[in-house]
Amino acid sequence: MSAPDHHTADLSLEDLLQRVRSRLKAQFQRHRIPPQDTEDLLQQALLALIHQRPGIRDPEAWLIGTVRNKCLLYWRAHRRQLYESVDAAVLECLAKPQQPTQEGSDVRRDLTAALERLPERCRSLLSLRYGLGYEPAEVAVQLGYSRRSISKITRRCLAVLTRRLVVTGTWQGKKTRP
């Protein structure tokens with residue numbers, strides 16, 4: 001271990017945080033992490049650092065990289081939550097209609113309009129999956145996709161639908177990273 005590596009490896013957690021404070025702040029700003037969530041992400045990274053510290057040669061670089069990865073995972077999880085909420089809304093709206101409320105009718109109309117603007121591949125996939133209740137393997141066979149890729153294609157189609165709904169202001173769920 002070189003002298004600089006040895007010095008940073010011996011730093012207390014408090015000293016380490018003082019040295020990287022500005023770089024951590026820059027990471028959180030670069031990734032547009034809401035202030036209320038930065039502390040949680042930092043705590044997760046610090047716990048991982050404490051657990052793995054004996055094997056870490058450069059704690060400063062490791063902590064900065066780990067925080068960056070936590071930020072990326074944060075937005076991935078938020079997008080997934082948004083897609084899943086649209087997934088549930090699609091399923092509900094495309095299921096057999098019951099006596100709709102005015103709000104339900106408006107959502108159904110907006111969703112139908114958004115679905116009509118999707119590429120044919122996505123319209124077909126979402127119609128089979130949610131409108132007709134096909135299982136993913138059945139959708140794959142019907143549309144000629146591999147069974148292993150159908151989930152990925154479905155997520156992509158839901159992502160396109162979600163972006164359209166958010167951009168038009170139709171979907172009031174949490175917005176993803178700007």
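The values are calculated or read from the model by the stated rules, or taken from the named source; none is laboratory data. Since we're looking at a predicted model, the values are computed, not measured. We place every Cβ from the backbone using ideal geometry, glycine too, and count neighbours over all the protein chains shown.
The table for this structure:
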quantity: Hits in the range 54-78 (condition: in a helix (DSSP H, G or I) and either touching a residue at least 24 places away in the same chain (Cβ under 8 Å) or on the phi > 0 side of the Ramachandran plot (or both)); calculated: 59, 60, 63, 64, 67, 68, 70, 71, 72, 74, 75, 78
quantity: Qualifying positions in the range 58-89 - touching a helix residue (DSSP H, G or I) at 6+ places or on another chain (Cβ under 8 Å) and at pLDDT 90 or above; calculated: 58, 59, 60, 62, 63, 64, 66, 67, 68, 70, 71
quantity: Among residues of the range 124-140, those that are modelled with pLDDT of 90 or more and of a type outside the set (A, V, I, L, M), counted; calculated: 2
quantity: Leading residue by the ranking (nearest to residue 162 (Cα to Cα)) among those in the range 122-146 that are of a type in the set (D, E, K, R) and within 23 Å of the chain's Cα centre (by Cα); calculated: 123
